[in-house]
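**Q** Structure incoming, see below.
The values are calculated or read from the model by the stated rules, or taken from the named source; none is laboratory data. Keep in mind the model is a prediction, meaning the values are calculated, not measured. Because the Cβ atoms are built from the backbone with ideal geometry, glycine has one as well, and the counts that use them run over all protein chains shown. Note: areas computed on protein heavy atoms with side chains; ligands, DNA, RNA excluded. Shrake-Rupley method; radii C 1.70, N 1.55, O 1.52, S 1.80 Å.
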Amino acid sequence: MGRSSLECMFDNGSTGGVGAVVDDGRPVVDPLVLPDILFATAQSENMLAAQKVLGASMLSESRFNAELDVSGDVDKAWRIACNEIAVMLTCSRRTAEVHIEIGDALREFLPLTKAAFAAGELDYARVRKIVDGLTGAAPEAIAALERRVLASAHRLPPGQLERDIERQLFAYDPDAAAERRRKMLEHRDVRTRADRHGLAQLQATLSANEAVEALGLINEAAGSVCNHDPRNASTRRADALVALLHGENGLTCQCGSETCEAVSPASRSTAPSRRKPLLHIVCDLATLLGLTSDPASIDGYGPIDPDFARELAADSTWQALFVDFRSQAAGNRPRRQHAPTVLPLVTRRNHPSREPKGCGDRIRAMQRLVARAPDIVRRSDGHGAQPDPTPGALTYAPGAALAALVRAVDGHCRFPGCSVPASRCQLDHITEFDPSDPRRGGWTIASNLQCLCRHHHQVKTYRLWTPVMLVDRAIHWTDKTSGLTTVTVPERR
Ligand SMILES: [Zn+2]
Ligand SMILES: [Zn+2]
């Protein structure tokens, strides 16, 4: 952005001329105050967005009631209210409806969210996730969860917030979540949608397990060619889907080599001996046994209600992985808490379903811990406080079960503000693995592995940001350039 556009941006008086100095007779902005100006601008934008949806809600209510008094026709009254707002804001009728619905929800049952939005603390995207996430939940659930959801909204990007709300609802009332899930099954569907340049999208809405299984089968069929096949991975997946729909067993390799080792689909057995793709659900043992009801996750999907986890665990195509990170993944703790304790296998709250804790609360608790005991932010040797390496710890690539466990617990890229799903992330050794001396370098163990998307893995490789693993897989990040620090937590505990 050139100087002239900066001048235009900040010379309209809305920021009170913060930082404006005269240079050569023209107002310019001091780069040192740019962060403050940017922050103030975002805050003002949020406050105005709040005014817009609350205004739309109030105006539509007034028009709706006026028409209802005259004709008693609910449908007509709603159309009148929506149309007026759509025309006034020059937006579509659907957009107007969304504004009104968000404004109504804030006014009717989300008082804390409304106050935070109006104060400019939350943006429209997060408020919309809160409204969408909590609409339809029981009033007592909303009242119980709003404060925790808000704590998460202040600290998570919208994508992570959406999943955090879902997880909190699962934990608060697992039975209602299971009921909702079963009802939603009738919305499963397959449709096509025209794309540009002669492409089309084939979209399927499936249950989470069906979708993960389908992708596993597609990936397996796509992997049936040799390494010299000229197609890229995504094209192979598309070809594999089409082949499977035609009842074929895999792809014909296009390498053109007479010595190709890939087996042609025709000669592949159609018997049910075909290996099923390896699929994982991650949950704690007590939930699986029905003793507690904590949310679980499907590797490659995200959080699921505990009843669903129990259902899948009984299906032989799914492998259940148990979360026990507290005992195996020792991160940095305050030094005074170093007394050796024998940790139970299942480290859960005693009455989980009524006291779900969101990611926001966990981040806040961890930030307080760091403020009280700053020495926990120190570079680790990457050995997880273990004297000797566990099997696999000295091999660079983590085994399938360890990789699935880390992915399922992290849920997404662990860089601040990034929501790239764990299934598309790489597993990063927080303390570098040393191929020349694996015992001395960082080990391949849960407490030294984190999910990072390709982009943020590169950011870490450039040493622009430094991560330190704290307790419970919280990660403390420091920006080398600005000194900014922040904490991220895994999606599940
Ligand atoms: Zn080949
Ligand atoms: Zn990322």
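**Q** How large is ³J(HN,Hα), in whole Hz, for each residue of region 244-254 in order, when computed from phi with the Karplus curve 6.51 cos²θ - 1.76 cosθ + 1.60 and θ = phi - 60°, using x for Gly and Pro?
**A** These are the phi-based 3J(HN,Hα) values: 5, 5, 8, x, 7, 9, x, 9, 8, 5, 10 Hz.
**Q** Can you tell me how region 173-267 classifies by the Cα gyration tensor, rounded, prolate or oblate, using a/c under 1.5 as the rounded cut?
**A** prolate
**Q** Quickly work out the residue 485-to-residue 71 label distance, labels modelled 7 Å from Cα along the C-beta direction, and quote it in nm with one decimal.
**A** 6.3
**Q** If you take the square roots of the eigenvalues of the alpha-carbon gyration tensor of region 37-135 and sort them as a ≥ b ≥ c, do you get rounded (a/c under 1.5), prolate (a/b over b/c) or oblate?
**A** Prolate.
**Q** Could you state the accessible area per residue of region 37-135 in Å², with a 1.4 Å probe and every protein chain left in place?
**A** Normalised by residue count, the accessible surface of region 37-135 is 53 Å².
**Q** So, with a 1.4 angstrom probe, what is the percent of accessible area on region 37-135 that is carbon and sulfur?
**A** Answer for region 37-135: carbon and sulfur cover 57 percent of the accessible area.
**Q** Quick check: pseudo-label points 7 Å beyond the Cα along Cα→Cβ at residue 235 and residue 316, how many nm apart are they?
**A** 4.0
**Q** When ranked by the protection proxy of mean other Cβ atoms within 10 Å per residue, highest first, what sequence do the peptides 170-183, 87-100 form?
**A** By packing density, highest mean first, the sequence is 170-183, 87-100.
**Q** In whole angstrom, note down how far apart the Cα centers of region 105-180 and region 391-467 are.
**A** Cα centroid to Cα centroid, the span is 31 Å.
**Q** Rounded, prolate or oblate: pick one for region 335-488, where a ≥ b ≥ c are the square roots of the eigenvalues of its C-alpha gyration tensor, a/c under 1.5 means rounded, and failing that, prolate if a/b is larger than b/c, else oblate.
**A** Rounded shape, in that the Cα axes give a/c under 1.5.
**Q** Within region 186-223, which trypsin sites (Lys or Arg not before Pro) sit in a loop by DSSP and count at most 14 neighbouring Cβ atoms inside 10 Å?
**A** 188, 196
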